[in-house]
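The values are calculated or read from the model by the stated rules, or taken from the named source; none is laboratory data. Remember, predicted model here, so these are calculated numbers, not experimental data. In this analysis, Cβ positions are derived from the backbone assuming ideal geometry, glycine residues included, and neighbour counts consider all displayed protein chains. Please note that ligands, DNA and RNA were not included when accessible areas were found on the heavy atoms of the full protein model with its side chains. Shrake-Rupley method; radii C 1.70, N 1.55, O 1.52, S 1.80 Å.
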Amino acid sequence: MLRSLDRRPATGGKEDPRVTELRTAVARLRRELAAHPAEFPDRAIAEDELAALAAMAAHGTLEIPRLRRCLLLIAGSIGSVSALAHGLSQVRAAVDVFGESPRD
């Protein structure tokens, strides 16, 4: 049986609402990308990075530099596909709530 990416099993524990928001935004963009009929050169990159974000959110291993790197690669991959712009902006907003990564 398949389980939706944006739903967690009820375990009685509380999850960080930022993680829930990220998981929901990523799942939505993954569905939109899967339904988008046009092929474009960097589609596989976007799919891989969205899968990486989904895995990080599912396992709770959120590394801010990695989140931002994934977002950058996704934006570069699908940024010119206007049909996906809204979903991309939702993922960006979900990543942004985790704050800035510390600078060296």
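A few points about this structure:
- Among the protein heavy atoms of region 49-104, carbon and sulfur supply 55% of the accessible surface, probe 1.4 Å, non-protein parts ignored.
- Over all other residues within a Cβ to Cβ distance under 13 Å of residue 73, the charged ones net out to +1, with Lys and Arg as +1 and Asp and Glu as -1.
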